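This report refers to the structure that appears directly beneath it.
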Amino acid sequence: MTTLELQVENQLLTLLNQEIIASGDANIDKCTFSFSKEWNGFVKTAVFYQNKNNVQYAVLGLDNACIIPAAAMARPGRMYIGVFGIKETAVFTSTLVTTDIHEGAVSGENISVEPTDDVFLAIIAQYQRIAELMSSYEKTAEQFNIQMAEQNTILETLNAFDVVELKQKLDTIENKMEEYAELAEKIMSREVVIRDVPVRFVNKVCRIENKLITESSLCDVYFDEYSYEMASTALILPVSHDGYLELNSSADIVDELTANILVRRE
């Protein structure tokens with residue numbers, strides 16, 4: 001398995017290592033990216049191709065990594081790599097880098113060269129971001145539909161894939177998302193996330209005050225990666241009260257933790 005390490009500083013993409021990749025590889029070689037602060041908040045999608053008429057996409061995970069699409073390295077030759085990000089109506093793109101695909105033991109004819117659908121995951125992720133904005137009372141259902149229309153326009157300007165086929169798929173997604181718009185409005189009135197809450201236990205109890213919490217609220221506590229390691233050593237039970245949440249720990253936790261709290265109200 002080969003891992004290409006890439007760094008993006010503003011819009012400059014740099015390949016930090018040169019590794020051997022053989023044609024015919026599938027679902028084994030990957031790319032890892034590191035981004036400068038300009039990319040914060042963007043849904044990022046990597047771009048791979050040997051031929052501009054056959055562009056492949058892979059949505060980056062939370063670890064800013066992805067598997068290189070098999071169709072992009074089905075045959076020996078020079079492979080181009082880039083990345084773009086989408087945030088609301090903004091599109092941010094990088095420069096391109098290249099790496100050579102060496103002749104492998106498997107014929108490229110045995111590998112599907114149909115474009116992947118991973119780019120549509122980026123679109124869905126963008127819709128999810130819009131839904132999150134709605135849940136924080138920053139968007140209305142009408143604005144939600146406007147955002148989707150703007151998203152379609154942006155993607156058509158990329159000129160990196162078949163716009164007709166893309167438009168058909170986007171129409172299907174949009175129809176589904178419109179069905180969810182009403183549901184999203186209902187959910188946003190009942191659910192709220194209290195973010196980056198400091199949690200410090202005194203005698204195994206932590207009290208978190210917030211007027212959004214009521215005695216009938218159902219609260220779920222999600223610790224960040226650092227805090228989770230310590231929180232996982234104990235059983236922590238949340239108990240809702242009017243105006244505050246009480247966390248009870250089965251063990252003494254001396255360090256201050258950080259958590260996001262999902263409050264579901266009747």
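Every read-out reported here was derived from the displayed coordinates using simple, explicitly stated rules and does not represent laboratory data. Because the structure is predicted, anything quoted here is derived from the model rather than measured. Positions of Cβ are generated from backbone atoms using ideal geometry, with glycine treated the same way; all protein chains shown enter the neighbour counts.
Just a few scattered comments:
- Here the simple spin-label model places points 7 Å from the Cα toward Cβ, and for N17 and E215 these points are separated by 5.9 nm.
- Cα-based shape type of region 1-89, given that a ≥ b ≥ c are square roots of the gyration tensor eigenvalues and the cut on a/c is 1.5: prolate
- FRET E, pair M1, R264, Förster distance 45 Å, beta-carbon r, rounded to 0.05: 0.60
- Take each peptide in 253-264, 71-82, count the other Cβ atoms within 10 Å of every residue, and average; sorted highest first, the result is 71-82, 253-264.
- Taking Lys and Arg as +1 and Asp and Glu as -1, the other residues whose beta-carbon sits under 14 Å from that of V8 total -1.
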